[in-house]
1. Rounded to the nearest 5, what is the percent of antiparallel bridges among the DSSP beta bridges in the protein assembly as shown?
2. Can you compute the FRET efficiency between A:F107 and A:N81 using 1/(1 + (r/R0)^6), with r the Cβ-Cβ distance and R0 = 22 Å? Round to the nearest 0.05.
3. Once the dipole of the protein assembly as shown is set up with Lys and Arg at +1 and Asp and Glu at -1 on Cβ about the Cα centre, which of A:N465, A:H650, A:L309 lies farthest towards its positive end?
4. Evaluate peptide B:104-113: per residue, the Cβ atoms of other protein chains within 10 Å of its Cβ; return the mean as an integer.
5. For a test of the definition: using alpha carbon positions, the gyration tensor, and the 1.5 limit on a/c, classify the protein assembly as shown as rounded, prolate or oblate.
6. Once both axes come from the Cα atoms, what is the angle between helix A:499-513 and the longest principal axis of chain A, in degrees from 0 to 90, rounded to 10?
7. Quick check: from the Cα gyration tensor, does region B:203-249 come out rounded (a/c under 1.5), prolate or oblate?
8. Ranking request for peptides A:206-212, A:340-346, B:260-266, A:441-447: highest mean number of other beta-carbon atoms within 10 Å first, then the rest in descending order.
Amino acid sequence: MLISTRLLKETIPFEYTSEELANELTLLGLEVEEVVKVKHDFENVVTARVENLEKIPQSKLFKLLADTGRKKLQVITAATNLHNGDVVPLALPNSKISGGRKIEARFFSKVNLRSYGMLCSYEELGLDKELLSNKEREGIFVFPEDTPVGDPVEDVLPIDDEFIDLSLLPDRADAFYLVGIARWIEILKAKKENRRADFSRFKIDTELELSGDTPLPLVVEAKELAPFYSGRLISGVKVKESLYELRKKLFMLRVRPINNVVDITNFVLKFYGQPLHAFDYDKIEEEVRVRLAKEGEKLKTLDGVERTLNKWNLVISDKYKPIALAGVMGGEETEVSEDTENVFLESAYFLPSCISRSARSLKLITDASILFEKGTDPLFPEKASLFASKLVIKEAGGTAAKSNVFDDVKPPTPVTVRIERINKILGRSVPKDEVKRCFDFEGFKYQDAGDSIKVYPPSFRRDINIEVDLIEEVLRMKGYNSFGEELLSGKLKSAVRTKEEEFLWKARETLSILGLTEAVTVSLINEDLVKKANIGAKDIAKVTNPFSKDFEVLRPSLFPVLMDIAELNNSRGVKSMAVFELGTVFHFSGKRYDEETALGILTYGDRVLLNPFKRSLPYDFYYLKGLLEQFFEKVGLNPQFEECKVAFLHPYQTAEIILNGKSVGFIGKVRDEVTKSFGIKKSVFYAEVSINRIMSESIPEKEYVPVSQFPPLKMDVAIVVDKSVPEYKVRKVIKDSAPAELKEVELFDIYTGEPLSENEKNLAYSLAFYSENRTMKREELESFIETLEKNVKLTLNGKLRKE
Amino acid sequence: MKDKISQLKEEFYEKVKGKTLSELKDLEKYFLGRKGKVAELFKEIKSIPKEQRKSFGEKINELKSLMESVLRESIKEQENIEREKKLLREKIDVTVPGLKLQQGGLHILTKTMLEVEKIFLSMGFDIMTGPEVENEYYNFEALNIPEFHPARDMQDTFYLLNEFLLRTQTSPIQVRTMEKYKPPIRIIAIGRCYRKDPPDAHHFPIFHQVEGLVVDKNVSFANLKGTLSEFTRRMFGESVKVRFNPSYFPFVEPGAETSINFGGWLEMGGSGMVHPNVLKNAGIDPEEYQGFAFGWGIERIAMVRHNIPDIRFFYRNDLRFLEQFK
């Protein structure tokens, strides 16, 4: 919302620069976005009167004399919208128009005449098209006839201005109209001068002679929703372009002129904060009724859209049909046009929640609905109606009748604030006199009630309803930064994280020590990405109102998002990547949404960075598996890995991660066709683990295990088995056959080929035996070798190869 | 015999000059070996008269130890020379870049969260969490934002089916905490939030917030300021200036916006005294208890702290960006 400081100064004088004002308003709690400065960019353009206008024969051009008061200059123009007596902007010889073009005296050879300057359109003055009426947009810009000639145009048009851009806060209508801001400047002045704020300068002129009644009967059905409604007939008006003074004000209020009647309603809204609506009186049939819409009723609003109404919509209707969406937008049928002779002027107070609902249910937010939903002044509509009627008569002629009024506005209730409560909430004692002074600055009426103060907030302050609201006002007036600070006190207990959070931090630390970089990716993704990643999940959760396809589905796995960043990094020349993410994944069961924390790990490329030493360590299945095993070891768990299938992983290079018989995740090589669809030519490996599932397993506290003080007894064994025998079974046989002193079983070779048969493989292990109380001797292992040989044969149908 | 000894001595000096290590080893054998020249001399002792044997024996022994010591010295010297040569052969170019492994590290957002947590843990705040999929009650109604309230515009919401939604703020955790625990309450919660903000340099539909809530009998606005100022100083340095100004959030009153200054005021986040309606909704008597709450953006904190110009960088996960903060 842009507030013109130029118009603000005309309303209440002040000394602040725009930046200072912006800062003061911020400290008062109005949210300032920025200060916007607008300055004219033409030079030496003055007002001039058109005289002796004549068409040049056999050409499309006109010749005229431009009277600047000092000189009369011959000017040639092609514009067709001029009349003798018009005051227009003249770019003198040796001038500059908007955009920087230089204007000199110019000879028109076709007509053999010289033009001493150029008449300007709005574009050549750099005016904002959106703020101009249709007429102002045509041809040469024309000033009112009584504009003095010879004046620089920048003095005549309110172009040079500085605007304060305010954000709209939900409870503050005052940031939305000029007087709302002007009142805060008065409060700033009152504070500075240590006096009560005096808002009388903003009083609206309501002196108007009324004649006769408004014949159309008024029926307010929705009494609770429309506590005040006033409808007035203004008859015999001439609808046309507004006078220049009003258009100038609208320009500063940044409203586009339409016609005088509509302009006046817009002016009152933007300047005084009271939305009004003008109907064509003669198009209303038999009565004016304020009621809730019937479900399915239709209304074509001013913007030309036919709308289907619902039970939340409050409407103004005549005997037969809705004619306006109350507090939001008028209907097209009863719109005021150039043909309108009689106007029905509505001025009302609607309940904020009612308008908020109505506007939001149709997704139609207008200046009027914004004001109404934030809360307008319930005691102001009749005054605004009289003021607006007076303006209409000035601009469009006619006479105003007495209004038909429905008035069920309850007198505003006072709010009491306890002095002791102020102290308790603020943590500082503010003496009663100072509290009263704060209320004086804001112009509140109040009564001293001993330990408390009873406050009657002004009717335009709709944000003060309960005690804490007044405490905020005390704070606002004292200044948020004038109060001291104090650290918390009280009984201290040790502060803790949740168990899950603690686990996640430990996991993050471990994974980064293991050489993985943490990624934080988006959790709302494009459904195409899920498909591209070949996830094949069916229970995907989707938002029902996305604004873009890119943020539409909740990720069912971390795989698509990690592939996405792999694609990005690969395309940008990053040769190797090893990342993890600990993030939420989502599933929808048809009724419920489940979210859980998952660990995703994705690698491509090489663990050792490119080097001249011919060393490399490409990420592969076993590297990733080893990493996962180390991770599990670190957190105190010991899962198993078994063959499994996952849609997007290599069918024979994928394992399920099993903890206490339950699946907690998977690991594998990403299928080449998936990798390729992300533009990656290297092999990609991926693992995903459900943190919730591993957290539900009890993780035992680590306990001391004695460390042997004697040297280990080491031996190697080689076992030949069928290729289909999984390694873990061989390892199990070794462990099961060994005495308790066997502490380390390390696989160091897998061999296939001669002299083994085609279906055989040889697994070689290095074993280490430790005893707590002695140096072990080789002979002690004889029985182990025997048992092992037997078991290998029996359980694995293999054979032990002796050293 | 005497001559033989001096001849041998001369021969020895002649031969030992300028010899390499292996030649010295050969000489050692030649002179001092079991069948070497000195051994030969000893054999010859038998052939001389008995009374001279002793003195010749001593002389040969003298020569032997002289040879031994000269050879030892020469060998040592030659060994040093050989070792030096070997080391020289092993010379490497120490300016060649070292062998590097892919290094791990945390994302700048989680690093920031960790730092925030540490500061609040040290001030006695527990860390809470809550779900990202919320319902209308916790995300809005319990926080004094009824349906159709204009405040909902400030938080354009992603909806799911069955009246579920993606939380637009971490404030629902306030409500959940107050329902579950009795005052005194002193918590923060860090989490992911969602709003329908199209991405640009300062907006992203996904972001993280740190939420704080303190409820006790005498928790005041001065405590709110004290806590947030302390946090700000520890996060951004002692010299940072902190400012509070009035603002509006439906679930607090009085409400405040906090800005910090490194040369211009930057808004950091909202806060305020917990609104009586919010306390009532959670079953806490606002006459007996009061409290403050705040909600700041993690991305915002990280952007200000590390001078990161665009919020989208966090979610792009370009390794060249991430590595700057590992």
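Values in this text are rule-based calculations from the coordinates and carry no lab data. Everything quoted here is computed from the prediction, not taken from an experiment. Cβ coordinates were reconstructed from backbone atoms using ideal geometry, including for glycine residues, and neighbour counts include every protein chain displayed.
1. About 95 percent, rounded to the nearest 5.
2. The value I calculate is 0.35.
3. Checking the options against the dipole of the protein assembly as shown, the answer is A:H650.
4. Averaged over the peptide's residues, the number is 6.
5. It comes out prolate by the Cα gyration axes.
6. 70 degrees
7. Oblate is the answer for region B:203-249, as a/c is 1.5 or above yet b/c matches or exceeds a/b.
8. So the order, starting with the most tightly packed, is A:340-346, A:441-447, B:260-266, A:206-212.
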